[in-house]
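A.B. asks: First the structure, which I've put down as structure tokens, then a few questions once you've had a look.
The values are calculated or read from the model by the stated rules, or taken from the named source; none is laboratory data. Please read all numbers here as calculations on a predicted model, not as lab measurements. Cβ coordinates were reconstructed from backbone atoms using ideal geometry, including for glycine residues, and neighbour counts include every protein chain displayed.
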Amino acid sequence: MATKASRSAARLMMAPAVILLLGWMLVPLIMTLWFSFRNYLPLRGGDLGFAGFDNYVRFVTSSSFWPAIGATLIIVVGALLITVLLGILLAILLDQPMWGQGIVRILVIAPFFVMPTVSGLVWKNMFLDSVNGLFAHVAKFFGATPVEWMIDKPFMSIILIVSWQWLPFATLILLTAIQSLDSEQLEAAEMDGAPALKRFWFITIPHLSRAITVVLLIETIFLLSIFAEIFVTTAGAFGTKTLTYLIFQRVLESQNVGLGSAGGVYAIILANIVAIFLMRIVGKNLDA
Amino acid sequence: MQLTIRTLLGATALCAAAGFAQAETLTIATVNNGDMIRMQGLTEDFTAKTGISVEWVTLEENVLRQRVTTDITTKGGQFDIMTIGMYETPIWGKNGWLVPLNDLSADYDVADLLPAMAGGLSYDGTLYAAPFYGESSMVMYRTDLMEKAGLTMPDAPTWDFIREAAAKMTDRANDVNGICLRGKAGWGEGGAFITAMSNSFGARWFDENWKPTFDSAAWHDTLTFFKGMMDESGPAGYATNGFNENLSLFQQGKCGMWIDATVAASFVTNPKDSTVADHVGFALAPDKGLGKRSNWLWAWALAIPAGSSKVDAAKQFIEWATSKSYIELVASKEGWANVPPGARTSLYENPEYQKVPFAKMTLDSILSADPLHPTVDPVPYVGVQFAAIPEFAGIATDVSQEFAAAYAGQQTVDEALAKAQKLTADAMEAAGY
Amino acid sequence: MARAVTPRRKTINTALAWAVGLIIFFPILWTILTSFKTEGDAIAYPPKFLFFDWTLENYAIVQERSDYMRYLWNSVVIAGGSTLLGVVIAVPAAWSMAFVPSKRTKDILMWMLSTKMLPAVGVLYPIYLMFIKLGLLDTRIGLVIVLMLINLPIIVWMLYTYFKEIPGEILEAARMDGATLKSEILYVLTPMAVPGIASTILLNVILAWNEAFWTLNLTAAKAGPLTAFIASYSSPEGLFYAKLSAASTMAIAPILIMGWFSQKQLVRGLTFGAVK
């Protein structure tokens, strides 16, 4: 249906978005690349000249680098697993006939509206705090010793907070997908005497695969760059320094923009590896 | 939905129309500590006197630091006055980023500023920031629990006495910990405490050649002593406790002793917030008999970024906020115990203020800190609980994270020190020392 | 859609769903409750759920310290403005991707998404310097632009998926009737895509509302939205749970209310092309 005229019109219409994003990506990217080869120390007077690959070498050889990659993966994968698994269960539950469905939905999606800083602060202080937190109070009530969440379970704490925020998103998308599931097909299967688990596995899950990929893709994009949840809880202590957090420390705490920029380049590489990996899956699934 | 879209459209149109700056409005970045919040509440007094209005940007300490540092290093010009500390002032002053405060009015009486404070806020003899309040650190202890333990706190205790007293005061069944100290990662939190403490143990951050010395016996002793004492008598989870956490523990009666900022004295003796207000005594921060005590020196101060177009108005504000009459203003509204402490000699000569129970100990603590000679062995840097070089904040945050992991038992003291030594050496090499 | 089930099963469903819903919502509920307590009650053991002295003191303190309405207005302008601007730019792009696809369409789409993975803090200095040059620091317009750019990929993608679901025959029919490209978009396509556009707007308003890195680092006194407002309550001296709760409630209430009123829209529209 595409004529020559509409093709060029299409290019024209795409142009603003593409040019803007290109600019938004290229200008900072080029500046990051530039700074990553400079000895740029704002507190020592700024740009002190060419640094070669020093920043790159220094960033990877620092003892924090590999742990930071590890921490990033733990948090991203942990939160993805929890939100997708719980999201599927929750979506199925919310799809069932019940009283007050609207209100329950509202309750479930509410965490998505909470700012990361606020949820970090609220969880850390009012729930996970080992003296005044609600979890500690409950533990005390049952005569148990309160858990030192931020010390003994730092990853679990952060994954808990992040998952709480993103579970609504996963649930929403999965719910829309489930609602589009042909109920006749399920009913037919039920008539044939297929057990619930089998129906779930052979009909529901394949139907959800596209939705699951979409959740994985979107959430990964956001989870790779989580910052506030770490900043207000552990501030990077006890091994929870992610790559994003490490770059933050280099740029803003150590005031070494060159080193931080080199870290930024590594982060871009990591993000692209993840992106290519994801897009393989998503691309396949979206074509289907 | 329609309505929402229309509202939003209107909003976009309006936002284009905004952005006109008022000529005589100062934008001031400050930290969300109690004394600054009080100052914010009293701004009207300044506006009434001068006709200059003030817009506040109040941020949590860490956010404030990153915000003002970005702005000053890029000459962003977003703030007419910045609240900075004793760490930033000499570094920024050296770089020529701050307006020298060498022409303040005679009325202001610069000579009245406590020499330790004025010294720490100067570079090369020029004052670059005016102290709003100053602090050292000291021992705050529960007189009732001390008595129960059968001990008397000397005015100048040793670490060994503190450790023994802490053990005796600890009563875990009743939720009383003998001692509460900062273990939280962050150079201004646990990092500041352990550095000040290490000074009394004869340790230092760098030797005269800028080589880190975490491999020394003195550092090993400091950390081992700290961890040993805290494991015996400290609260559970002390590795995440900072100033705030300890303050609320102490106020709730869960600490026998607390060694921390002298400004905390007015919080723990304020019956409105503190359940133990009537039973608090004070003593100098402990020592180890080596000639240095473990108290720090800090000031929150007001400075004007160079290149500001409102230098005169900004100076007027600084003179107002750090003046003797501001102190009197606060005293008349909130009582003498709540005035910003530690900045002026005259405050400590004021008979009204001398009645405040912690006044004398605060002054003695401040006077006993010496940022020029902080350690037993000589060092190339200035600063008690920090080294005033640009790299310090980043390094000390990393180091304090290693220490916190050791406090939490996730690694040994020696592992933490070895990592600290390596990462400090790397960072110093990167900085070209 | 509602399947016929036994009342017993419906009761079990209801009980289970409500229990889960309340657990998920509980942190927010607890924050709201705490905001009405005194600082002492906020940390009391055993915790007090409903039977405490309800007070508005915390809200009064927060309001006295910071001009809530200004932060709120900035949030509304920045979140709303960036989203609308983004939609205006994204609609034509998404249209052409959906209806005049080329071999590279999918690559461009994926590339757009990948720009979202750049770590923001790595480019703080470059962007800050650029903002100084352009005089955009501490302006709402500057933040509108930045947040628009950050969310543009998501907007383009969402719109693309909605447009793709619109059958091409309808467009051809319109074209036969002599509709121009402009009227095709305006009168045929857009009305059909309204539910999709609405949920795109909703989602992006939420994302922009909650963005806390650029909104904090590029503002001072004038353009700071609610994320900056929260930054002054995050860990002050002394007991602060009740005040933090009051400030938090104030920061999330507007968006929460908006979300609640539009949840039907969100639930129906948030598909990201995941539904065929």
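A.B. asks: Residues in region A:90-106: is at least one in a helix (DSSP H, G or I) and within 14 Å of chain B (Cβ to nearest Cβ)?
C.D. replies: No, that holds for no residue.
A.B. asks: Right, another one. Within region B:403-420, is even one residue surrounded by fewer than 23 Cβ atoms within 10 Å (Cβ to Cβ), within 11 Å of chain A (Cβ to nearest Cβ), under 26 Å from the mean Cα position of the chain (by Cα) and assigned to a loop (DSSP other than H, G, I, E, B)?
C.D. replies: Yes, region B:403-420 contains at least one residue that is surrounded by fewer than 23 Cβ atoms within 10 Å (Cβ to Cβ), within 11 Å of chain A (Cβ to nearest Cβ), under 26 Å from the mean Cα position of the chain (by Cα) and assigned to a loop (DSSP other than H, G, I, E, B).
A.B. asks: For region C:4-44, how many residues meet the condition of being at pLDDT 90 or above, within 24 Å of B:LEU247 (Cβ to Cβ) and within 7 Å of chain A (Cβ to nearest Cβ)?
C.D. replies: Here the count works out to 3.
A.B. asks: Say we look at region A:219-232 and pick out the residues that are surrounded by fewer than 24 Cβ atoms within 10 Å (Cβ to Cβ) and assigned to a loop (DSSP other than H, G, I, E, B); which of these is farthest from the other protein chains (Cβ to nearest Cβ)?
C.D. replies: The residue in question is A:ILE226.
A.B. asks: For region A:172-184: of the residues being touching a helix residue (DSSP H, G or I) at 6+ places or on another chain (Cβ under 7 Å) and more than 9 Å from every other protein chain (Cβ to nearest Cβ), which is farthest from A:ALA110 (Cα to Cα)?
C.D. replies: Ranking the candidates gives A:LEU181 first.
A.B. asks: Now for a separate question. Determine if region B:369-382 includes at least one residue that is of a type in the set (Ser, Thr, Tyr), assigned to a helix (DSSP H, G or I) and out of contact with any Cys (no Cβ under 8 Å at 6 or more places or on another chain).
C.D. replies: no
A.B. asks: Determine, yes or no, whether C:THR249 is over 25 Å from C:TYR59 (Cβ atoms), at pLDDT 75 or above and either of a type in the set (Val, Ile, Thr) or in contact with a Gly (Cβ under 6 Å, 6 or more places away or on another chain) (or both).
C.D. replies: Criteria not met by C:THR249.
A.B. asks: Shifting gears a bit: So for region A:233-242 (the condition being surrounded by 20 or more Cβ atoms within 10 Å (Cβ to Cβ) and in a helix (DSSP H, G or I)), does at least one residue qualify?
C.D. replies: no
A.B. asks: Separate question: Give the residues of region A:1-53 that are modelled with pLDDT of 80 or more and hydroxyl-bearing (Ser, Thr, Tyr), sorted by residue number.
C.D. replies: Within region A:1-53, A:THR32, A:SER36, A:TYR40 meet the criteria.
A.B. asks: Moving on to the next point. Of all residues being modelled with pLDDT of 80 or more and among the polar types (S, T, N, Q) in region C:184-202, which is nearest to A:ALA110 (Cα to Cα)? Just the residue, please.
C.D. replies: Restricting to residues being modelled with pLDDT of 80 or more and among the polar types (S, T, N, Q), the top hit is C:SER199.
A.B. asks: Within region A:186-197, track down each residue that is part of a helix (DSSP H, G or I) and over 21 Å from A:LEU90 (Cβ atoms).
C.D. replies: Listed by number, the residues that qualify are A:GLU187, A:ALA188, A:ALA189, A:GLU190, A:MET191.
A.B. asks: Right, another one. Go through (1) assigned to a helix (DSSP H, G or I); (2) under 24 Å from B:ALA165 (Cβ atoms) for B:VAL139 and report which single condition fails.
C.D. replies: Condition (1) is where B:VAL139 drops out.
Quick grid of which residues meet (1) buried (at least 21 other Cβ atoms within 10 Å of the Cβ); (2) assigned to a strand (DSSP E or B); (3) within 14 Å of another protein chain (Cβ to nearest Cβ); (4) at pLDDT 90 or above:
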| position | (1), (2), (3), (4) |
| --- | --- |
| B:ARG67 | yes, no, yes, yes |
| B:ILE72 | yes, no, yes, yes |
| B:PRO90 | yes, no, yes, yes |
| B:GLY93 | yes, no, yes, yes |
| B:LEU101 | yes, no, no, yes |
| B:LEU104 | no, no, no, yes |
| B:ALA111 | no, no, no, yes |
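A.B. asks: Now for a different question. Could you check, for region C:71-86, whether at least one of its residues is at pLDDT 90 or above, outside the structural domain of C:VAL205 (by TED's automatic domain parsing) and within 16 Å of C:ALA247 (Cα to Cα)?
C.D. replies: No, every residue in region C:71-86 fails to be at pLDDT 90 or above, outside the structural domain of C:VAL205 (by TED's automatic domain parsing) and within 16 Å of C:ALA247 (Cα to Cα).
Here's the yes/no breakdown for (1) among the hydrophobic types (A, V, I, L, M, F, W, C); (2) at pLDDT 95 or above:
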{"site": "B:MET229", "(1), (2)": "yes, yes"}
{"site": "B:THR240", "(1), (2)": "no, no"}
{"site": "B:GLN252", "(1), (2)": "no, no"}
{"site": "B:ALA265", "(1), (2)": "yes, no"}
{"site": "B:THR269", "(1), (2)": "no, no"}
{"site": "B:LEU290", "(1), (2)": "yes, no"}
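A.B. asks: Only one residue in C:LEU113, C:LEU109 is crowded, with 18+ Cβ neighbours inside 10 Å, at pLDDT below 85, more than 7 Å from chain A (Cβ to nearest Cβ) and outside any loop (DSSP other than H, G, I, E, B). Which one?
C.D. replies: C:LEU109
A.B. asks: Also: Is it fair to say B:ASN209 is assigned by TED's automatic domain parsing to the domain that holds B:TYR407, under 29 Å from B:VAL382 (Cβ atoms) and in contact with a strand residue (DSSP E or B) (Cβ under 9 Å, 6 or more places away or on another chain)?
C.D. replies: Criteria not met by B:ASN209.
A.B. asks: So which of C:LYS222, C:LYS264 ends up being in the same structural domain as C:PRO195 (by TED's automatic domain parsing), surrounded by fewer than 23 Cβ atoms within 10 Å (Cβ to Cβ) and either modelled with pLDDT under 85 or under 30 Å from C:TYR128 (Cα atoms) (or both)?
C.D. replies: C:LYS222
A.B. asks: So, one more: Got a number for residues in region B:387-401 being assigned to a loop (DSSP other than H, G, I, E, B), within 13 Å of another protein chain (Cβ to nearest Cβ) and within 16 Å of the chain's Cα centre (by Cα)?
C.D. replies: Qualifying residue count for the region: 1.
A.B. asks: Oh, and also: Of all residues being β-branched (Val, Ile, Thr) and more than 7 Å from every other protein chain (Cβ to nearest Cβ) in region C:55-100, which is surrounded by the fewest Cβ atoms within 10 Å (Cβ to Cβ)? Just the residue, please.
C.D. replies: C:VAL88
A.B. asks: Would you pick out the residues in region B:359-381 that are more than 24 Å from B:ALA217 (Cβ to Cβ) and crowded, with 19+ Cβ neighbours inside 10 Å?
C.D. replies: B:ALA359, B:MET361, B:THR362, B:LEU363, B:ASP364, B:SER365, B:ILE366, B:ALA369, B:PRO371
A.B. asks: Looking at region C:124-138, can you tell me whether even one residue there is under 23 Å from C:ALA93 (Cβ atoms), surrounded by 24 or more Cβ atoms within 10 Å (Cβ to Cβ) and within 23 Å of the chain's Cα centre (by Cα)?
C.D. replies: Scanning region C:124-138 turns up no residue that is under 23 Å from C:ALA93 (Cβ atoms), surrounded by 24 or more Cβ atoms within 10 Å (Cβ to Cβ) and within 23 Å of the chain's Cα centre (by Cα).
A.B. asks: From the list A:THR32, A:THR72, exactly one residue is facing chain C (nearest Cβ under 8 Å) and either of a type in the set (Ser, Thr, Tyr) or not in a helix (DSSP H, G or I) (or both). Which is it?
C.D. replies: Among A:THR32, A:THR72, only A:THR32 is facing chain C (nearest Cβ under 8 Å) and either of a type in the set (Ser, Thr, Tyr) or not in a helix (DSSP H, G or I) (or both).
A.B. asks: Give the residues of region A:138-152 that are over 27 Å from A:PHE113 (Cα atoms) and within 14 Å of chain B (Cβ to nearest Cβ), sorted by residue number.
C.D. replies: Across region A:138-152, the qualifying residues are A:ALA139, A:LYS140, A:GLY143, A:ALA144, A:THR145, A:PRO146, A:VAL147, A:GLU148, A:ILE151, A:ASP152.
A.B. asks: Scan A:PHE155, A:PHE202, A:PHE169 and give me the residue that is aromatic (Phe, Trp, Tyr), at the interface with another protein chain (Cβ under 9 Å from one of its Cβ atoms) and either buried (at least 16 other Cβ atoms within 10 Å of the Cβ) or part of a helix (DSSP H, G or I) (or both).
C.D. replies: A:PHE169
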